[in-house]
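Notes follow the structure.
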Amino acid sequence: MVKSTTRQITLAEFLQLPETEPASEYINGEIIQKPMPQGKHSTIQGELVTRINNVVKPRKIALAFPELRCTFGERSIVPDVAVFAWGRIPVDEKGNIANAFNTYPDWIIEILSPQQNTTKVTRNILHCLNYGTSLGWLIDPEEYNVIVYPHQQQPIFLENEQDILTVPELVGDLQLTLGQLFDCLKL
């Protein structure tokens, strides 16, 4: 986690700044740049977006977005995967997907990078849950585990290959075990 400012700025000022690579987030008046995704992170992220969209996109149930800026509750964050129910996807005046998503995702998935701060990522998941997100996942590719954060429930720690990952109701047809999630890392 790299803090890139020393003075606090407003959310409006932050949103006027040019995008950074990797993305920066606005949290509590500070700009915090996310670490650059590495191999395991990118592989899991791509696999999840594809798997989720294969289940929900054809039936227009939801849509999974990689690295999408979500601005709400005085924060601007960029989850690794943000899933939005179809009817909640912001649209522009032409009826196309909007560029700005000024709302919370229905499901947030974060994938830890080796140098990423677990507490900061957990705080973003909890922030989303406080604003209406129904489920959060925190995936640790180094430890091969996932912490599932259901809305207003005790977190669930999954560490066994046969453990079935909890998914939100809107993607109830998605069945995935912990072993299947991490199989994408094998060549």
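The values are calculated or read from the model by the stated rules, or taken from the named source; none is laboratory data. Fair warning: this is a prediction, and the values are worked out from it, not measured in the lab. Every residue, glycine as well, gets a Cβ built from its backbone with ideal geometry; the counts of neighbours run over all protein chains shown. Accessible surface is based on the protein model in full, side chains and every heavy atom, while ligands, DNA and RNA are left aside. Shrake-Rupley method; radii C 1.70, N 1.55, O 1.52, S 1.80 Å.
Take the conditions (1) in contact (Cβ under 8 Å) with a residue 40 or more places away in the chain; (2) surrounded by 13 or more Cβ atoms within 10 Å (Cβ to Cβ); (3) not charged (D, E, K, R); P114 misses just one of them, which is (2). Only one of the numbered conditions (1) at pLDDT 95 or above; (2) on the phi > 0 side of the Ramachandran plot is violated by I111, and that is (2). Restricting the first member to region 124-146 and to residues that are closer than 20 Å to K34 by Cα and open to solvent by 10 Å² or more (accessible area, probe 1.4 Å), and the second to residues that are at pLDDT below 95 and assigned to a strand (DSSP E or B), the beta-carbon pairs closer than 9 Å and six or more apart or on different chains are H127/I27.
Just name the residue that is farthest from Y144 (Cα to Cα) out of those in region 26-56 that are surrounded by 15 or more Cβ atoms within 10 Å (Cβ to Cβ), without any contact (Cβ under 8 Å) to a residue 40 or more places away in the chain and β-branched (V, I, T). By that ranking, first place goes to I31. Cβ-Cβ contacts under 7 Å between residues 6 or more apart (or on different chains), taken from a first residue in region 10-22 that is in contact (Cβ under 8 Å) with a residue 12 or more places away in the chain and surrounded by 10 or more Cβ atoms within 10 Å (Cβ to Cβ) to a second residue that is assigned to a loop (DSSP other than H, G, I, E, B) and of a type in the set (A, V, I, L, M), are listed as P22/M36. Here R59 meets each of (1) loosely packed, with under 11 Cβ neighbours inside 10 Å; (2) in a helix (DSSP H, G or I); (3) not polar (S, T, N, Q) with one exception, condition (2). Of L185, L174, L170, which residue is open to solvent by less than 60 Å² (accessible area, probe 1.4 Å) and farther than 24 Å from Y104 by Cα? Matching residue, one of L185, L174, L170: L185. Residues being free of Cβ contacts under 8 Å to residues at least 60 places away in the same chain and surrounded by fewer than 16 Cβ atoms within 10 Å (Cβ to Cβ) are entirely absent from region 76-83.
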